[in-house]
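Notes to accompany the following structure.
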Amino acid sequence: MDSYYLAISLYRRRKYDECIEMCNTLLKNNSFHKGPWELKMRSMTNRVYVDDIEADDGIVENDPFDTNQLATAARAGTSLRTATSLDLKNGASTSRPRTSAGRPLTGMARPGTISQRPGSSMKSRTALGTGSRSGSAKNIRLGSASMFQLGDPTGSLFQSSQLNPAKFVEKDSVSKQLFQFLYYHEGDVKKALSLCETIIEHKKKGSSLMWWYVQRGRCYLALGKPRDAEPHLKVALAQFPQHPDTALLLSRVYVKIDQPLAALKILSDCLEKLPNDVSLFTQQGRIFELMNNLQASARMYRHIAQLEPINTEALSCIAVHHFYGNQPEMALMYYRRILSMGAHSCELYCNLGLCCLYGGQLDLVLPCFQRALRNAITAEQRADVWYNLSFVAMTSGDFNLAKRCLRLCISSDGSHGAALNNLAVLAIKSGQRDKAHSYFLAAKNVLADSDEVKHNLNLFDKNTGQN
């Protein structure tokens, strides 16, 4: 087989490292062969490509030098900063632990939903999620090659700082691949933005510019300028209103500038043209979670599960909703469905163990936690498992075992504020007031904003002063 066609075959089979090596061999023989040059660029890009449409959730923090400040007194239900739960009847929203931003935990580990351990003394929590999504492309700095110089065709492809974007205006097949290379592989968002601006300025008109307007908005988002990204994404959406990626990016813009209702309106309009697009429904469910409208979010995820029964995010979010809605049997059903799909993780087995505990299937609790400990990779995962195991011991009335579990939790993660708080409560029960006070102070240092830790410490100081 010809070497170039072999390289193309390796690329189609996603064997990018072997394809790059084959392209290097071809470029050594002929440095001016454009085919291997472009193929190598595509392979290097796809090797590190991440879908950044869902990255960097959350609103932009206030900048004292920004002239476009967000409203500080938004109407109720129209802002993510002042979001309050709309469902207080079944207690699900009040009992669910919160993230560092104050929002209830979701079923997926996503950007913007990094958990802050609740300072709960007698409440267990499910581990965070059954999957994760990676971060923004602007943080990618992999140290592989960067368009080749004639002296070393197997080395760096070219230095982005010396790139002249005007040379690629009329080369559509190369310019798009070049943008992706600069954005995803090199992480040079400013140079990628310069390429977009140059091409848009030269071409002015044409439906082909829709793609470049989207990428221009993407670059502004990566640079933390959502208001600059908004007009370009609107132009792209007007040219091609049936493209879901444009609607998702524009909804991210409105989420970042704290306009969730505008984001939902964009997604609803796009759903009228694409009525069964799962990605649009998923984004709506996430925005409802950000707004603490947990009932609407759960309805959205149930609809996603009907359209796509193997959607892990929808199943896990529904399970979390049922668990904190005092329906552990329903949550167990969804977690078992995820388990039957081949997912094996520490978080999943920990969630299964908690559902079995509160669902009355006590014979399955310890085996689930044993599997969770075997699958625990990081110290934080082991700490979460031991923390939840302490509730199993408390449920059985074995407080000595609960103390041992909490100490193992602290040994895995010394900054586990909830475990420190619970150790203080158990120390009070055993009459060790000095030790309880030190545990409360340590928990307060870790969870300075926890109302429960403050309440426990004030109550402890009050009772100690009376004695």
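Tabulated data for the structure shown
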read-out: Ratio Rg/Rh, restricted to segment 243-313 and using Cα atoms, in which Rh is the Kirkwood radius; value: 0.95
read-out: Shape of segment 347-433, Cα gyration tensor, a/c cut at 1.5; value: oblate
read-out: Contact order normalised by residue count of segment 339-431, Cα under 8 Å, 6+ apart, percent; value: 21
read-out: Highest average packing first - 384-395, 332-343, 316-327, Cβ atoms within 10 Å; value: 316-327, 384-395, 332-343
read-out: Radius 11 Å from Cβ of Q180, net charge of other residues (Lys, Arg +1; Asp, Glu -1); value: +2
read-out: Cβ-derived FRET efficiency at R0 56 Å, Y49 paired with D461, nearest 0.05; value: 0.50
read-out: For peptides 182-194, 423-435, sequence by mean Cβ density within 10 Å, most packed first; value: 182-194, 423-435
read-out: Gain upon complete extension [Q432, F399; 0.36 nm per residue less C-alpha separation]; value: 10.5 nm
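Each value in this text was obtained by applying a stated rule to the coordinates, not by laboratory testing. Predicted model only: the values in this text are computed from it and were never measured. Cβ atoms come from the backbone with ideal geometry, glycine included; neighbour counts cover every protein chain shown.
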